[in-house]
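Comments concern the structure below.
Values quoted throughout were computed directly from the atomic coordinates according to the rules given, and no laboratory measurement underlies them. Remember, it's a predicted structure, so these values are computed and weren't measured experimentally. Here the Cβ positions follow ideal geometry from the backbone for every residue, glycine too, while neighbour counts run over all protein chains shown.
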Amino acid sequence: MRNSAPSPDAQLSALSRDFGFPIPSDTKILGVKRESGMDTLVQAKLLISPSSLEHFLAGLSIPADVLRTGVGRLGSDDGFWNPHATPTLRSGTKPLTDGRYLLLGIADSAEGTLVFVARHGT
């Protein structure tokens, strides 16, 4: 019987399309949640390696001064999505041209950089 789970490369490609920016190939996906309906939502928690962080941040097109200490608009903790339990989190929001928003949270960890990213809107 074949495993129907997408490969990590396919998952990263899909997330890159969902969010509109490249995600490095050595990124670990720690969780993904998708909701559709009146409001769409894609949330992902990623672990970016130290060697890929600078390239990843450059692809976001978010000015560094947008990020503030704290969880911002990242919402409540739910399973893998735990910004409130993440020390040193910096977060920010970027309006997108399609009436949606990109929400971002970044925190350093021993293994790399934790990234909470969500895209939502109507």
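Scanning segment 16-29 for residues that are outside any loop (DSSP other than H, G, I, E, B), free of Cβ contacts under 8 Å to residues at least 60 places away in the same chain and hydrophobic (A, V, I, L, M, F, W, C) gives a single hit, I29.
Of everything listed in (1) within 14 Å of the chain's Cα centre (by Cα); (2) within 21 Å of Q11 (Cα to Cα), the single unmet condition for S52 is (1). Scanning segment 86-105 for residues that are part of a strand (DSSP E or B) and in contact (Cβ under 8 Å) with a residue 40 or more places away in the chain, we see that the one that is farthest from the chain's Cα centre (by Cα) is L102.
Looking at segment 34-51, I want the residues that are part of a loop (DSSP other than H, G, I, E, B) and have a partner that is surrounded by 10 or more Cβ atoms within 10 Å (Cβ to Cβ) with Cβ atoms under 6 Å, at least 6 apart or on another chain. Which pairs are those? Partner pairs satisfying both residue conditions: S49/D26; S49/G112; P50/G112.
When I48, I62, I29, I23 are checked against the criterion of being farther than 15 Å from L104 by Cβ and either of a type outside the set (S, T, N, Q) or surrounded by 14 or more Cβ atoms within 10 Å (Cβ to Cβ) (or both), I29 stands alone in meeting it. Under the condition of being over 11 Å from the mean Cα position of the chain (by Cα) and either under 14 Å from L15 (Cβ atoms) or part of a loop (DSSP other than H, G, I, E, B) (or both), the residues counted in segment 57-85 number 15.
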